[in-house]
Structure formats: structure tokens, C-alpha cells
Amino acid sequence: STIYKDSLKTSLLQLQCHFTWTLLKRDVDLDPLEETIVDHIKFFGESNIAYYNLLSYICHLKNSNDKALRNLQKAEEIVQKCHPDEIARRSLVTWGNYAWIYYHMERYEEAQTYVSKVENSCKKLSSTADGKTRFPEVYAEQGWALLSFGGKYFERAKNCFENALKDEPNNPDFNAGYATALYRLEDFASRCGEDTSPSIEALKRAVELKPEDTCVMALLALKLQDLKRVDEGERYIEEAMKKTPDLPYCLRYAAKFYRRKGELCKAVNILEKALALTPNSGFLHHQLGTCYRKKVFEWKKTGNPPQDEVERLIKLAISHFKFVADQKPKFVAAHTDLANMYALGKRYEEAEKIFQELLQRNDLTCHEKQELYFNYGNFQRWHMRSESKAIEYYTEGLKIKKESFGRSKCSEAVQSLLRKKFERGSRDATYFGTLGLVHKLNGQKKEAIECYEKAIALDHNNEEYQNALFELQLSI
């Protein structure tokens, strides 16, 4: 009956599990995510219940509920084997997922059975009368799930690990999760042009508490490298690679460390080794593409690069970027990297096609749009030789008010391009008008007024410039 179904739904929404954590399908590429988790299970041992719970949710999102149930059975087997004394406490998320999946399969009685199991267990385990305690393991499991759904979720993930740590401040796993969340938040925020809290202390503490966690150790090394403490960072990288020479997650960070240090051959060798272990890792293909691109630029800097070697490297970079772009539609940077690489290889139509597809999309974040306008502006400027189009797209990037790395790049590029025009003696009103707009968008009113006055002196009847000038004068 509908009433029964509604009251069941109300109970389901009270559960703490993947179905109530608002992990949205639209924010991830499901196939590669599923593959990543399967790889994690392979490399981090079978004993992690959280991976099977997350996998069950992803299977559900891909409409294979039977497979989802099989993963939950795996999780239950692990709990019985590894935590025979804490079965209820360790199964809350698993049982919650069971309830939801049975609900979606319209097997309402089974769903109700699992709802009751969770409710009764919470009452027994809970210190509060209403049975509403949240357990630190559940917070931590939510934190890891959020981290796997991408940048939009990192802030919430950090909060989950903070909550888990309130109860168990010295828990090595919770500290590792917290440090990872902080590191990723900073990394993500720096691309959006924000200054952030230092994760260095959290990473150091996590490494002290869990010295066998070489992934956190490698993140600490990258953070030290950011802070120009390269030698200190390298000691951690070498120790991590010694401890786990065949762990692709540790190797990929080590490769990133050496690429940023300028040791490209070493980075490529490490990535090739990691790729042999996880051949479909988008992260590894993207890093390899980035290394080959860097080699192309190094050759070009010499002024007289061997053409066949440059072409070979461009082809390699294209093949790796293409792998990622095909696999991960949501990974915008990989698509831009591919387009830029096609342009370097003089395959302009293919580059243009990718840029147009990206420009049509309506699911990009502000900083992704700004980076896109910057890259497309560069493509127009350097490859299509159209300075006017370049100016147009750089300016589009500036119109998005959110500060970011991409926005400041657009600002620098458009100003340097316009300055060159003036140096070459251009007296075109549009250029002064555009520079006026750039200053206005950057909040530099005085400079904007000067530019609009010059534009009007050259084009007396232009209403757009007159209105802009009038507005600026009023606002001062």
C-alpha cells in the first residue's frame, strides 16, 4: 500500500548510507570509478568493507542491483571474518544500502527487515535515548565516499573526517582520511585561485600515526615540494617507493613529484610501471600525456628541435590524453589538453571540434569555463592567427567574476595583447573600449574611465562606450 511505502521511505531517509549522502551520478564518470574501486580492492587487500559498500552503490547507479547485492554480501562476509565481536556496529552502512536496494527493487518487506536491523542496532549501541548517535566509522566511511565523487565534495569530506576524529583523535585511518581531504581541498582550491589552510601538519601527523600508508607519505612529499622543501620531500618519496614498490597509487604521486622536479625520464619510467599494474587508470594516462607534452616544450625551447622526435612525442601525448578524454567525459582538463595537443600537431579541425563541444556544454564550473576560454583564446591567437577572436574569448573568461587561476590568466593575456596593439600604433576605438571593459571587470575604475574616454575620442557616437563611462562616473 502507498501508506506503507511512504512510511518505509521516511525510515529509509533516516539511515546513514550511500543513498542518503547525496552522492550524485551527474558528478562522476561511473565506469572508470567502478574500475578504480575494483583496483583498490585488488591492491589494498580484500578486507575493506567500505570499498564493497561504495561499489554496491555504484552498481545500483548503473542499474545492476543484483551485482550491488553481491557486493554487500562480500562486505558482510568480511565483517564476520574480521570483526566477529562488532558485527552490528560495522554493518550499519551495509545494512542501510541493503534496505535501499531492496526498496528500489520493490522488495519492500526485505527493505523493512534491514531498516529494522539498523534501527534496533542503533538503539542497542547508542548512548542517547533516541538512538541517534553517529559512529565515527560511519563518518569516516562517508568521508572516503565523498572523496571519490570529486572536487565539489571535498569540503564535506573534510567535515566528516573532523567529526570522526572528535571521538577518536588518534585513529590512524581517520587521520589519514582527514589529511587526504585537506590536501585535495588545497590542490583543488589553488586551481580555483584561492589561498588555503596548510595541510602539512595533518599530513605529518597521519604519517607518524600510520607509517605504512605510503599514499599519505607521498602526498606529504608533494606538499613539501609545493613549499620548496624539495630534498625533504624526496626523502619521503624514496621511502614510500621502497616500502611499496608495486603500489600504483603511491607510484603515481612519485611520478608527479619527479615530473614537477624536471626529471621527466624518471617520471615516465615510474608511470609506465604503474600503468602495467592498472592499465585503465585515467590518472596515469593523463600524467603520461603531461610528461610527453613537457618534453615537446623542452625540445622546442632548444630552438632547433629534431622534427621527427617532436612529432613522435606529440603523437604519444595525444594517444594518452585521448584515452582519458574518451573514458572520462567529466574530466574537462583532459579534453582541453587533448585539443591543445591536436593544435600543436597542426590538426586544427580536430582541436576546433573539441573546443566547440566544450563551449556547448552547460555542466562546467566557473573555473573550468575560465580555463576553457583562456585555452580557446590561445588557440585562436597562436594557431588560428585571429587576435580579435582571442581578445573576445579572454574577455569572456573575465566576465565570470569568480577569482581563479584561469581568470587571472585571461586578464594577463588580453592586456598584453592589447598593449602590443597600442605599441604597434593602433588607434582603433574598439581596442580602447575592450581595455576599458577589462579594467572595469577587474574593478579598476580609474583606468577604465581613461580607456573609455580614449575610445570615445576616437568614436564619438558609440553609445556603448558612453553608457559605460556614465555608469563608471556615477559609481565613483
**Request:** Evaluate E = 1/(1 + (r/R0)^6) for K346 and D66, where r is the Cβ-Cβ distance and R0 equals 60 Å; express this FRET efficiency to the nearest 0.05.
**Result:** 0.75
**Request:** Read through the labelled values (1) 0.97; (2) 0.93; (3) 1.05 and report the label of the one computed as Rg/Rh (Cα atoms, Kirkwood Rh) from the structure.
**Result:** (3)
**Modelled label reach - I476, point 7 Å along Cα→Cβ, the stretch 422-437 residues with backbone N closer than 15 Å** = 436-437
**Prompt:** Using alpha-carbon positions, what is the distance between the centroids of the stretch 400-437 and the stretch 1-68, in Å?
**Reply:** 48
**Prompt:** How many percent of all Cα-Cα pairs in the stretch 164-203 sit more than 13 Å apart?
**Reply:** 51
**Asked** Let a ≥ b ≥ c be the square roots of the eigenvalues of the Cα gyration tensor of the stretch 411-476; is it rounded (a/c under 1.5), or, if not, prolate (a/b larger than b/c) or oblate?
**Response** oblate
**Item:** the stretch 250-260 - phi-based ³J(HN,Hα) in whole Hz, Karplus 6.51/-1.76/1.60, Gly and Pro as x
**Value:** 6, 4, 5, 6, 4, 4, 4, 4, 6, 4, 5
**Message:** Given Cβ point charges of +1 (Lys, Arg) and -1 (Asp, Glu) and nothing else, what value in debye, to the nearest 20, does the dipole of the chain about its Cα centre take?
**Reply:** 760
**Item:** Under 15 Å from the E464 label point (7 Å along Cα→beta-carbon), backbone N, the stretch 429-453
**Value:** 429-441, 452-453
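By how many nm would the segment from K243 to S408 grow when fully extended, if each residue of separation counts as 0.36 nm and the alpha-carbon distance is taken off?
My answer for the length gained is 55.3 nm.
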**Request:** Considering the options F154, Q415, V115, tell which one lies farthest towards the positive end of the dipole of the chain, charges being +1 on Lys and Arg and -1 on Asp and Glu at the Cβ, about the Cα centre.
**Result:** Q415
**Message:** Just to confirm the number: angle between the C-alpha axis of helix 264-277 and the first principal axis of the chain, 0 to 90 degrees, nearest 10?
**Reply:** 40
**Prompt:** Simple spin-label model, 7 Å along Cα-to-Cβ: R191 to K123 in nm?
**Reply:** 4.8
**Prompt:** Here are some pairs, K158/K330; K62/K152; K124/K158; K295/K401; K152/K369; K295/K330; which of them have Cα atoms lying more than 25 Å apart in this structure?
**Reply:** K124/K158; K295/K401; K295/K330
**Complete:** Of the listed links K389/K421; K402/K440; K273/K300, those spanning more than 26 angstrom between alpha carbons are K273/K300
**Prompt:** Cross-link list K346/K420; K42/K294; K315/K420: which exceed 29 angstrom alpha carbon to alpha carbon?
**Reply:** K42/K294; K315/K420
**Message:** Could you work out [θ]222 nm for the chain from helices alone, using -39500 (n - 2.57) per DSSP H run of at least four and dividing by all its residues? Round to the nearest 500 deg cm²/dmol.
**Reply:** -24500 deg cm²/dmol
**Asked** What's the FRET efficiency of K315 with K266 using the Cβ-Cβ distance as r and R₀ = 30 Å, to the nearest 0.05?
**Response** 0.85
**Request:** Please calculate the 1.4 Å probe accessible area of Y376, with all protein chains present, and give it to the nearest 10 Å².
**Result:** 10
**Request:** Compute the signed sum of charges (Lys and Arg +1, Asp and Glu -1) over the other residues within less than 15 Å, Cβ to Cβ, of L435.
**Result:** 0
**Message:** If each residue of separation counts as 0.36 nm, what is the full-extension length gain between R156 and I3 once their alpha-carbon separation is subtracted?
**Reply:** 51.7 nm
**Request:** Treating cross-link reach as a plain straight distance, find the aspartates and glutamates whose alpha-carbon is under 19 Å from the alpha-carbon of K301, omitting any fewer than eight places away in the same chain.
**Result:** E263, E309, E311
**Prompt:** Angle between the Cα long axis of helix 366-378 and the longest principal axis of the chain, 0 to 90 degrees, nearest 10?
**Reply:** 40
**Prompt:** Angle, helix 2-13 long axis vs. longest principal axis of the chain, Cα atoms, 0 to 90°, nearest 10?
**Reply:** 70
**Item:** Spacing of the two label points (7 Å from each Cα toward its C-beta) at Q444 and S388, in nm
**Value:** 2.5
**Prompt:** On average, how much accessible surface per residue is there in the chain, in Å², for a 1.4 Å probe, leaving out ligands, DNA and RNA?
**Reply:** 49
**Prompt:** What is the log10 of I(q)/I(0) for the stretch 194-304, computed with the Debye formula using one identical point scatterer on each Cα and no solvent, at q = 0.12, 0.16, 0.17 Å⁻¹?
**Reply:** -0.44, -0.74, -0.82
**Fill in**
To the nearest 0.05, the calculated FRET efficiency linking E77 and L30 through their beta-carbon distance, R0 being 22 Å, is 0.30
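For the stretch 364-421, give the magnitude of the charge dipole about the Cα centre (Cβ charges: +1 Lys/Arg, -1 Asp/Glu; no others), in debye to the nearest 20.
Computed charge dipole of the stretch 364-421: roughly 200 debye.
The values are calculated or read from the model by the stated rules, or taken from the named source; none is laboratory data. None of these values were measured; they are calculated from a predicted model. Quick reminder, even Gly has a Cβ in these numbers, built from the backbone with ideal geometry, and neighbours come from all protein chains shown. All accessible areas refer to the heavy atoms of the entire protein, side chains included, with ligands and DNA or RNA removed. Shrake-Rupley method; radii C 1.70, N 1.55, O 1.52, S 1.80 Å.
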